[in-house]
1. Please list the non-local residues whose amide H lies under 5 Å from the amide H of D23, H modeled 1.01 Å from N, same-chain partners needing a gap of 5 or more.
2. Using Cβ counts within 10 Å as a stand-in for footprinting exposure, how do I72, I83 rank, fewest first?
3. Which of the lysines could be linked to K57 by a straight reach, that is with a Cα gap under 22 Å, when you skip same-chain ones fewer than 8 residues away?
4. Within region 124-169, list the chymotrypsin sites (Phe, Trp or Tyr not before Pro) lying in a DSSP loop whose Cβ has at most 10 other Cβ atoms in a 10 Å radius.
5. Arrange the following residues from fewest to most other Cβ atoms within 10 Å of their Cβ: F110, F46.
Amino acid sequence: MAMKIVSEFKDYYDHLQWERGSDPKVTYERVPRFADGEPANFVPEFLRPRPYFGTRKEADVYWERRKKPNLIVLAVCGRLYCIAEEGGTLKHGPRFWSDPKADSVGIAAFPASIRARSTVHLRQTDLNDRHRSPVILLKDGWGLEPDVLDPCLANFKFDKVLPPEAMFMALTDFFLKHRPSSVMMDASANVIMGR
């Protein structure tokens, strides 16, 4: 059984719904919104066009801030994933995270505050279940607080973390687990009655 995706934007795994077919009982209404429920027209800062600056000093401050490393944390289907961003370049995958003792490669080259926060990488979480959202971008800082629900994973080059097939199946499993009980009762009644 495959899920049906209803969305105004394309993500990197969408093509699989046409290859595998879709079940209208398992629907992902992918509408980015802030944690308070307000709609979010969200684009990560590293993808935004360069703003206009009135003075050279404003431009210098902006570019200095953009050069600083940043840690993006996503909760995806019950697991936390960290993606490092530096100057618009995203760094993820086993090569980046695997060797904490390397001096110039990977997370070891980042400031201590980012290295400390990156310890949540690949930990399990119940944030997705609590917010009924399979993809959550977390706020900056130490807490694990949701910022944007259902952002576009392609913006974060998440295909380098999970291939499209694995992502599509994880999302389908998430929605099968969270179907309303009446749908689950109908499905079990059909099985019992042999329909």
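Laboratory data are not the source of any read-out in this text; all were calculated from the coordinates shown. Note that the structure is a prediction, hence the values are computed from the model and not measured. Positions of Cβ are generated from backbone atoms using ideal geometry, with glycine treated the same way; all protein chains shown enter the neighbour counts.
1. A2, M3, K4
2. On the way: I72 19, I83 23.
Ordered by Cβ neighbours within 10 Å, fewest first: I72, I83.
3. Within the straight-line cut-off, K57 pairs with K67, K68.
4. Working: sites: W142, F156, F158, F168; in loops: W142.
Qualifying residues, ordered by number: W142.
5. Details: F110 19, F46 16.
Ascending number of Cβ neighbours within 10 Å: F46, F110.
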